[in-house]
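The values are calculated or read from the model by the stated rules, or taken from the named source; none is laboratory data. Quantities reported herein were computed from a predicted structural model and do not represent experimental measurements. Cβ atoms come from the backbone with ideal geometry, glycine included; neighbour counts cover every protein chain shown. The area values use the complete protein model at the heavy-atom level, side chains included, leaving out ligands, DNA and RNA. Shrake-Rupley method; radii C 1.70, N 1.55, O 1.52, S 1.80 Å.
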Amino acid sequence: MEKIVEQGLLYDFYGELLTEHQRQIYEGIVYENLSLSEIAEEQGISRQGVHDLVKRCDRALLDYEKKLKLIARFMKIKEQIQEIDDLSRKYEQDEVSDKAEYCRKLRQLSAEILETL
């Protein structure tokens, strides 16, 4: 996964666990695409301080994901829902030859989603 996308996802799921100061700086990097120097000037700290804080935030957010696995669960459910959508489209287009197998697969996917939740 591209780093900025990964940072965005991690922040979306776990950003509220950071301090207000950490959130302001991290949002500047991830969402506003500000440079370290711009944020340092705005916050009244050194460029190195901003860099170190962003690295600490990255590690903290990754640690949250390692422990809680919310993003992994979210991505798995998203894939399963896409598979249900694909199966539904095939059914609508009358491309399903084995209705029993089709229903079995839908029940399996829905059971997996419920188990993940």
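Among residues of the stretch 27-53 being of a type in the set (A, V, I, L, M, F, W, C) and in contact (Cβ under 8 Å) with a residue 12 or more places away in the chain, the one that is nearest to residue 3 (Cα to Cα) is 30. Looking across the stretch 1-45, the residues that are open to solvent by 90 Å² or more (accessible area, probe 1.4 Å) and under 16 Å from residue 65 (Cα atoms) come down to 1, 3, 12, 16, 17.
Checking each residue in the stretch 2-19 for being within 21 Å of residue 47 (Cβ to Cβ) and either outside any helix (DSSP H, G or I) or without any contact (Cβ under 8 Å) to a residue 12 or more places away in the chain (or both) picks out 3, 18, 19. The single residue among 91, 102, 64 that is hydroxyl-bearing (Ser, Thr, Tyr), at pLDDT 95 or above and out of contact with any Lys or Arg (no Cβ under 7 Å at 6 or more places or on another chain) turns out to be 64.
Which members of the stretch 81-97 meet the condition of being outside any helix (DSSP H, G or I) and in contact with a helix residue (DSSP H, G or I) (Cβ under 9 Å, 6 or more places away or on another chain)?
95, 96
Could you please find all residues in the stretch 54-104 being open to solvent by 70 Å² or more (accessible area, probe 1.4 Å), of a type in the set (A, V, I, L, M, F, W, C) and more than 20 Å from residue 6 (Cβ to Cβ)? Result: 81, 100.
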